[in-house]
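Reviewing the structure listed below.
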Amino acid sequence: MSLPKVLIVARPQVGVIWSKEEQKSKLGKVAEVLDLDVADRAAFFEACKAGGKYDGVVGIYRHNDSVATVGLFDKELINALPSSVKYICHNGAGYDQIDVAAATARGIEVSHTPAAVDDATATVGAYLAISALRQFYRAEQNVRNGRWKSGLEPASDPEGKTVGIIGMGGIGSALARRLLAFDMKVIYHNRNPIKPEPNFPCTYVANVDDLLAQSDVVSLNLPLNEKTKGSFGKAQFDKMKQGSVLINTARGAVVDEEAFIAALESGKLFSAGIDVFPDEPNVNPRLLEFDNITLLPHMGTETRDTQKKMELLVFDNLISAVTGKGLLNQVPEQRK
């Protein structure tokens, strides 16, 4: 009896944590593993046709880096997949590059890797918060340019400040625990309070406007979808404290970038820490003019340890799926 086929849709450098031999030895016990070996999107579509090299594939391992070769997993691509495809297992907590509605319409189940990214992304969020408050980026630039403390003004301590977390999931909770170590007060907003209550000090705020008005630091930890795209804009910045700080490790498109820049220019925002941008890898050059903010190139999960955890979780989802046990981390939209 032949094994079900699984396709690794990732660029060659993806998988540096696991060699191809290790990948295949883990998946190879339950599936025939195929590597992505097409040059572009058109060739991928051709390979997915009946009789093509990817015909008969049941499960797909998908990584954001594959965009450079096959493009987004949008409706066009989803509809071009072989009829045999039943599972798309995505390497990443955020899955906005996949049209889940189109996949659902075709009966394709989608998984992601939420818990595996929590610690690494929260560490980036904590770094951005401390750097923004203490103005460490500006200070480092001074040292590198031989200016020592020239022009630097006293910044802010984290102790006693309130951090408002919008989206207290796994990442938000891990961030809260880190910032509590700096003696910050944690408040959060979700659609509903977390049950059971978190095992660390925090206060639920039912109204986002109330959270914004109370927070010295606001951290965005929510997914990108049609409801959240551009949802943090002028109205939200207007509700924030004068001289507050914005941290974004979620997705760049959650924030209205023009409103964000206006808040920096007006002084409504004292500083910001940003790891994600609307049009990655492109960064709005206007943001580069602000030396009081910290910018990172989407470093949330850029550690060998976390990338290994993510790969393992994708493999575990595929193995569970093709052996008839279902996905371990199916995306929320498909679990309703």
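The values are calculated or read from the model by the stated rules, or taken from the named source; none is laboratory data. Predicted model only: the values in this text are computed from it and were never measured. Backbone-built Cβ (ideal geometry, glycine too); neighbour counts: all protein chains shown. Areas reflect the complete protein model, heavy atoms only, side chains present, ligands, DNA and RNA absent. Shrake-Rupley method; radii C 1.70, N 1.55, O 1.52, S 1.80 Å.
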For the range 113-123, which residues satisfy the criterion of being open to solvent by 20 Å² or more (accessible area, probe 1.4 Å) and not hydroxyl-bearing (Ser, Thr, Tyr)?
PRO114, ALA115, ASP118, ASP119
Which of the residues that make up the range 84-109 are surrounded by 17 or more Cβ atoms within 10 Å (Cβ to Cβ), hydroxyl-bearing (Ser, Thr, Tyr) and within 18 Å of VAL57 (Cα to Cα)?
TYR87
Would you mind finding the one in GLY233, GLY164 that is in contact with a strand residue (DSSP E or B) (Cβ under 6 Å, 6 or more places away or on another chain), closer than 19 Å to LEU264 by Cα and small (Gly, Ala, Ser)?
GLY164
For the range 238-263, pairs from a residue that is at pLDDT 95 or above and open to solvent by 50 Å² or more (accessible area, probe 1.4 Å) to a residue that is of a type in the set (Ser, Thr, Tyr) and not in a strand (DSSP E or B), with Cβ under 7 Å and 6 or more apart or across chains, are LYS241/SER215
Please verify whether PHE270 is buried (at least 20 other Cβ atoms within 10 Å of the Cβ) and over 30 Å from SER111 (Cβ atoms), treating the condition exactly as stated.
yes
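Quick check: is even one residue across the range 295-304 open to solvent by 80 Å² or more (accessible area, probe 1.4 Å), of a type in the set (D, E, K, R) and part of a loop (DSSP other than H, G, I, E, B)? Full working, then the answer.
Kept after step one, since they are open to solvent by 80 Å² or more (accessible area, probe 1.4 Å), are these residues of the range 295-304: 297, 302, 304.
So of that shortlist, the ones also of a type in the set (D, E, K, R) come out as 302, 304.
Add one more test, that the residue is part of a loop (DSSP other than H, G, I, E, B), and what stays is 302.
Scanning the range 295-304 turns up at least one residue that is open to solvent by 80 Å² or more (accessible area, probe 1.4 Å), of a type in the set (D, E, K, R) and part of a loop (DSSP other than H, G, I, E, B).
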Restricted to the range 66-83, and to residues that are more than 21 Å from the chain's Cα centre (by Cα) and part of a loop (DSSP other than H, G, I, E, B), which residue is surrounded by the most Cβ atoms within 10 Å (Cβ to Cβ)?
LEU81
Any residue in the range 188-209 that's farther than 28 Å from LYS234 by Cβ and surrounded by 10 or more Cβ atoms within 10 Å (Cβ to Cβ): show its pairings with residues that are of a type in the set (S, T, N, Q) and at pLDDT 95 or above at Cβ separation under 7 Å, as long as the two are six or more apart or on different chains.
PRO198/SER173
Could you tell me whether the range 101-116 includes any residue that is in contact with a strand residue (DSSP E or B) (Cβ under 7 Å, 6 or more places away or on another chain), of a type outside the set (A, V, I, L, M) and in a helix (DSSP H, G or I)?
no
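Does any residue of the range 85-92 turn out to be over 21 Å from PHE315 (Cα atoms) and out of contact with any Asp or Glu (no Cβ under 7 Å at 6 or more places or on another chain)? Steps first, please.
Applying the first criterion (over 21 Å from PHE315 (Cα atoms)) to the range 85-92 yields none.
The answer is no, given that none of the residues of the range 85-92 is over 21 Å from PHE315 (Cα atoms) and out of contact with any Asp or Glu (no Cβ under 7 Å at 6 or more places or on another chain).
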Scan the range 214-227 residue by residue and report those that are open to solvent by 30 Å² or more (accessible area, probe 1.4 Å), touching a residue at least 12 places away in the same chain (Cβ under 8 Å) and out of contact with any helix residue (DSSP H, G or I) (no Cβ under 6 Å at 6 or more places or on another chain).
GLN214, ASP216, LEU222, PRO223, ASN225
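State all residues of the range 309-325 that are free of Cβ contacts under 8 Å to residues at least 24 places away in the same chain and of a type outside the set (Asp, Glu); if no residue qualifies, say none.
Once the filter is applied, which keeps residues that are free of Cβ contacts under 8 Å to residues at least 24 places away in the same chain and of a type outside the set (Asp, Glu), the range 309-325 yields SER320, GLY324, LYS325.
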